[in-house]
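Only one structure is covered here, and it is reproduced in the block below.
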Amino acid sequence: MCIELMTIKDYSELYRIWTTTPGMGLRSLDDSEAGIDRFLKRNPTTNFVCRIENEIVGAILCGHDGRRGYIYHAVVKESHRNRGIGKELVTHVLEALDRDGIKKAALVVYADNVLGNRFWETLGFTDRKDLTYRNRAIDERNT
């Protein structure tokens, strides 16, 4: 198992994984190749892939605004789950955020994503009952 920084060259393989994994929420513009390229350039040290024998089997996107880290699209192929890959990816992200001086991370998981919610809870991410998540599309094409 090799965990390394994600590059835009990984996009095609990642997109296939994201689009075939239940519980992933992709946006048409944000998650396009151009959108991910922009994200990686803005956050060059906080996004990782896990490779086994040159195949990407897991990945995690993360960026920060100088105050808080935000985790997106954490995924491990179903055939490679329960091997500690997801935990290792999260560990790499948290260490990268800490190196950047970021001391708190947040993420969004669909309420009906039972496996995803269970995974994040085992890693100490708590469910905030005191918040309401809101968003607004600036560009309506970003479905």
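Read-outs: derived from the displayed coordinates by stated rules, not from any lab. Model, not experiment: these values are computed from the prediction. Every residue, glycine among them, receives a Cβ derived from its backbone with ideal geometry; neighbour counts consider all protein chains shown.
The loop-placed trypsin sites (Lys or Arg not before Pro) in region 1-72, going by DSSP, that have at most 11 neighbouring Cβ atoms within 10 Å of their Cβ come out as R67. Among DSSP bridges having both ends in the chain, what percentage is antiparallel? Round to the nearest 5. Given both bridge residues lie in the chain, the antiparallel proportion sits at roughly 85 percent. Here the chain is scanned for GluC sites (Glu not before Pro) in DSSP loops (not H, G, I, E, B) that have at most 13 other Cβ atoms within 10 Å, and the longest stretch holding none of them is 54-139.
At an R0 of 30 angstrom, the distance between the Cβ atoms of L123 and S12 translates into a FRET efficiency of 0.55.
Compared with the direct C-alpha span, the chain from H80 to Y110 gains 8.6 nm at full extension, assuming 0.36 nm per residue. Counting 0.36 nm for each residue step from R99 to D30 and taking away their Cα separation leaves a gain of 22.3 nm. Dipole size of region 2-122 about its Cα centre, with +1 on Lys/Arg Cβ and -1 on Asp/Glu Cβ: approximately 300 debye, rounded to the nearest 20. Once the C-beta distance of D139 and N54 is scaled by a Förster radius of 35 Å, the resulting FRET efficiency is 0.45 to the nearest 0.05.
Listed peptides 96-103, 124-131, 70-77, 59-66 appear in the order 70-77, 59-66, 96-103, 124-131 once ranked by packing, highest mean of other Cβ atoms within 10 Å at the front. Three principal axis extents of region 2-122 based on alpha-carbon atoms, in descending order, are 35, 32, 29 Å.
Screening the chain for whole DSSP H helices with an alpha carbon extent of at least 18 angstrom along the helix axis and a mean Kyte-Doolittle hydropathy of at least -1.0 yields 85-99.
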